[in-house]
Every structure is written in C-alpha cells, then in structure tokens.
1. For Cα pairs less than 8 Å apart in space and 6+ apart in sequence, what is the mean separation divided by the residue count of region 277-430, i.e. the relative contact order in percent?
2. Restricting everything to alpha-carbon atoms, can you work out Rg to Rh for region 283-409 with a Kirkwood hydrodynamic radius?
3. Mind running the shape call on region 257-296? Use the C-alpha gyration tensor, a ≥ b ≥ c as the square roots of the eigenvalues: rounded below 1.5 for a/c, prolate if a/b tops b/c, oblate otherwise.
4. Return the FRET efficiency for the residue pair Thr217, Ala262: r is the Cβ-Cβ distance, R0 is 30 Å, and the value is rounded to the nearest 0.05.
5. Please list, ordered by chain and number, the residues whose modelled amide H lies under 5 Å from the amide H of Gly146; skip anything fewer than 5 residues away on the same chain.
6. Any idea of the accessible area per residue across region 254-303, 1.4 Å probe, to the nearest Å²?
7. Could you tell me whether region 101-201 comes out rounded, prolate or oblate from its Cα gyration tensor? Rule is a ≥ b ≥ c as square roots of the eigenvalues, rounded for a/c under 1.5, then prolate if a/b exceeds b/c, otherwise oblate.
8. Can you check what the net charge comes to around Pro158, using other residues whose Cβ is under 14 Å from the Cβ of Pro158 (Lys, Arg +1; Asp, Glu -1)?
Amino acid sequence: MTDNRNTILAVILSGLVLIAWQYFYNVPQMEKQRAQQQAQSELQKGSTPQPGASPTPGSAPQPGAAQPSTPAASPPQAVVSRETAIAASPRVKIETPRIAGSISLKGGRIDDIALVQYRETVDPKSPPIVLYSPSGTAEPYYAEFGWVAATGVTAKMPDAQTVWQQEGSGSLTPSTPVVLKWDNGDGLTFRRTIAVDDHYLFTIKDEVSNVGNAPVTLYPFALISRHGAPHVSGYYILHEGLIGYLGEHRLQEYAYSKIDEAKQVNFKATNGWLGITDKYWASALLPDTNAQLQARFSSNPVGKVHTYQTDYLLDPVTVAIGGTATANARLFAGAKEAGVVGINFPLAGLGGYNKALGLNQFDLLIDWGWFYFLTKPMFLGLDFFFRFFGNFGVSILLVTVIVKLLFFPLANKSYASMAKMKSIQPQLLALKERYPDDKVKQQQEMMEIYRKEKINPVAGCLPVLIQIPVFFALYKVLFVTIEMRHAPFFGWIKDLSAPDPTNLFNLFGLIPFDPTTIPVFGYYLALGIWPIIMGITMWIQMKLNPTPPDPTQQIIFNWMPLIFTFMLAGFPAGLVIYWAWNNLLSVIQQGYIMRRNGVKVELLDNLKATFARKAT
C-alpha cells in the first residue's frame, strides 16, 4: 500500500542501520578490545614499571618544551597486590564521605583512591570502585605535583624517591587539611598543603622557601599518570582516554590507541584543564583559569607497557634569597556526576565545579556527544523527575509523556493524515481494478485523490522520524551518565543501563546457561521479559492499521515486531521500557485520532483475524 510505503521504508532503514552498526562495528570493536586487554594483562605479568624509578614517564615534565626524559631501562619487577604496595610506604589517610584512600609520603603522590559510594556490581556488598593505585601494582594510576628546576639550577628537587614529613598528625578530611614538608639540605624548604572537599576536589598549595645563598628559578608542574591501557567499552559514541579543554585549542580527545600513534602532543593555552577519563570516572588537573600552561598528552613505553600521561608546566618563578614562591593546583578525582561536574545548558543547567570554579567547558568531561542539545535536556528532564520520585524508571515514563505532549500537534497532523489515507482505501483499490496494467495512470490518479483530500503521503514517516532522535538521545544518556548506572526500576530490573537480566532462552533463569555468550549472535539472544513486552506493544501498534492487501507488505508488517524485539533485546532496559511505553501511548493517541476522524479502529478485528487464521 502506497500510504504505508514511507513508514515502512523509514522503519526498515532505521533497523538496518542499528543492525549494521552492531554487527560491523560494535562486535569487532569489543572483540578487539578484549584481545588488547588480554595481551596487556599478559605483558603486565612479565614487566611492570619499577616504582619510583627515575627517570620514567610519570616524572615531571622538563621546562621549556615540556619534553619527557627518555625512560631508563630497568629490570622487570614482579607485580604486587594493591595492599602490599600501599603498605610499603608511610601514608596519610584520606577520609571523606565519598573517598577512602591515602597519600604516599614517599613521593608525595596521591595514588590511593577508592570511591566508596560506588560498587563494582549492583550488590551493595561488592568492592568499591578503585580509581587510583600506586606504582608496582597491576594498574598504577596517580597524580603528582611539584617543581622542576630551570636549566643550570643544581639544587636538589623532591622526586618520586623523596620521603616527605607530615606536620602534625591526623587524616585528610574535608575539615582538616594536611601539610607535608621536605628540606633539601641546601637552603630550600618545600611545603605542601593538601585540602579536599566532600565530593572529589583536591586543592594543592605548594610553597618553596629559599634560605640559601643564591636565587633559584623553578617551574611548577602537575601530572596524572596511568600505566597500561585500561579496559574500555569500545563504543564509538563514548570517548575514553586523554581529554582536555585547552583554551583556543578547544576540546582535545585522544583515545589510548590514538596517543600511542602520536606519542606526544603539546599545547600552549590559557584557561584550560586536562586529564584522563573513563566511562563513569575521571581524573583531571584544574589549574587557575588565568594560568599560562605548557600542556602535554603523551604515551611512553616502559618495558612493554605504555604509560599515559597528561601534565602541564606553569611559567617559571624565581625565588629570591629569603623569599618564598607559591603554586596552586587542583585535582578532580572521582565519579562524573552531572550535578558535581556541572552542565552548561540555557536556563536549566547544573552548576557544579564548572560554575563554582569558573572552568572552561568542564561539563564536557561527560561525553554528551555531538547532539548535546538533545542529550543534555533529556538528562535534565530525567534528573528533575528523579528528585521527586526517586526512580529513574518512573522518570523515563514521565519524560516520554512530556515528549509526546511536545510533539502532540505534529503527531496529530500525522495521525490525522494517516486516518484520511485509510478512509480512501476503497478508492485506491478501485484504481488498481480500473487500471490493472497501467502503473503510471494509477500513480497519477492516486496523487489527484491525495490533492483533492488534502493528504500528505509522507506524513506517515513523521511519528517514526520523531521517535528516532529521542531514542538515540535516551540511549546516549543511559549509556554515559553515572546516574543511570545501577539505577533500579521495579521488580527484576536492578540496573536501567544494563539489558533486562531475564532470558527466554534459559527459561528465565531455570536453565544454568547464558545464551548471550554465543559468538556474534549472542547479543540478539538477550530476550528478557521487557523486550518481549516491547515486541507485543509494537505488534499491537501494527495491528491498529488495516491488513495490507499486498503480500510482501503483509510479510513486512508481520515480521517487523519480531525483528525489532530481537534487535533491541540487548539494549539497556531503560531504553526498552521507553520504547514499550511509547508504543502504548502511540496506540492510544492514534486510536483517538482515528475515531475523531470517523475512521474505524480495526485493532480488535485485526487481532481476531490473526488468531482465527492461526486456528484454521
């Protein structure tokens, strides 16, 4: 039927895009990532950067060109457990409502951070998420701050081997900063004050006093170092790796593979920040917004393992005899919570650190994507209702209703046009009988009927075309925002960002077998209860329309709900719930419009006819 042709085409093309994207990109990417991760683990078992070795990547950048020193060859060292590495050096504890960890007095590094409010699985008793780990462990990751001596200065600087002394005692808490001190024995005294807030922001104040016999020129620096490429999601729609917003250079994103190829990239910028981001967690250096930065992204091999580093140097300062110099730095190390990081959006944004610290586009630490004008308001809407109802699943249902209301006039015109097209079906059938062998004449007469009845034959595409951007915006929000991670709905849905955990193919858990582990096709076998509900609602929506007389179109209409059910089964449960709910609302809306336009609602008749055919 010509009146349904555009709708069918739009839906089929959308489905083909989703299937092709999954089969030709996501599956190979995930396989490649698993292979890389396995190879990385094997390499780390045999060779690990030596803790505190000097020089190494992870040491301070050099003044001037901000070039790293060449790593010295060192014998392989066995990987030790995180607990062993932490116990190997004196430490100052970190105790906040969201962070547990410690600062190593050897090197003065912040290298032990666990995010106590987030767990590895939905089980609240599972281990907390570990962000930072010391050198010598399987996955070293840390931040370091300090001074680099200018060319010609021979004074000893604190390095990875330096053991600092804590002034006073006690842990680092939001109300009690800690002060570290080290004297180089040659007239320079270094003092470091570290403070932390009740979220994820560390503030570092470095001071150096000169009581020697000559002025010294020093460069303040800060760095974040990560040894070995971590496991990443491997999806094109999400950036994981090195990131920064560097003044006129704007947003800079380097995946681990990309920086491996580039080796090193340098930037000179003002009003910038830089760091390393994962899907839900991040570590970022936040210098003063007016600071002149020599910033760098780099990847350097230490043995067989790459060390990834973001760092910056500030302008040099000269410490006069009897004088003191000060350098300030900030470190974000934690979860990428939208309310904490901030969201730039007209009239409805969230401030967070982005606004409080006057940072430059810090909200881009969360990957809102190119269609941020859809993903940001989608998240803000979900977050708004979550504050009232405490359930993101309920928020999805309510936001879907609001989207329906926003597009109500447009959808009404579309459904009204579709209803008129159904009312002229007898005329179109008569045309086929009148001109059975003249397709051109059929088309001419059909277009004349459309013109006379004021029908837009393309109108049938609009509901589908409207739904597609909303679908992808919600998919992006569910995929990248930590607020959706482990967010429960009702019943068996404990994580809206993960697929429905039930599965028809193992009788919903009665058989101890996971069908999704089957290569290539396993993704499409995650057929849980909510995907089945979604498929049923889509089938009902198809049955709302008269049965097409063309056999090919009948086949398409009959198989489309089943195809979409399998295709979307592995998507996040929140997305499947949205689609099912949207289908149900569309059925109600379309039925109402058809009745108002005097068109018979043939849903019950079509359902009876379907089951009657099956019975015969």
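1. Working: 145 pairs, mean separation 23.8, N = 154.
Relative contact order here is 15 percent.
2. Values: Rg = 20.9 Å, Rh = 18.3 Å.
Rounded to two decimals, Rg over Rh is 1.15.
3. Numbers: a/c = 4.03, a/b = 1.24, b/c = 3.25.
Since a/c reaches 1.5 but b/c is at least a/b, the shape of region 257-296 is classed as oblate.
4. Details: r = 31 Å, r/R0 = 1.02.
According to the calculation, E is roughly 0.45.
5. Phe221
6. Details: 1710 Å² over 50 residues.
Ligands and nucleic acids excluded, the result is 34 Å² per residue.
7. Numbers: a/c = 3.03, a/b = 1.90, b/c = 1.60.
Prolate.
8. Numbers: positive: Lys106, Arg109, Lys156, Lys181, Arg191, Arg192; negative: Glu144, Asp159, Asp183, Asp186, Asp206, Glu207.
Taking every other residue near Pro158 into account, the sum is 0.
The values are calculated or read from the model by the stated rules, or taken from the named source; none is laboratory data. Remember, predicted model here, so these are calculated numbers, not experimental data. Heads up, the Cβs are rebuilt from the backbone with ideal geometry, glycines too, and the neighbour counts pull from every protein chain shown. To get the accessible areas, we keep the full protein, side chains included, count just its heavy atoms, and leave off ligands, DNA and RNA. Shrake-Rupley method; radii C 1.70, N 1.55, O 1.52, S 1.80 Å.
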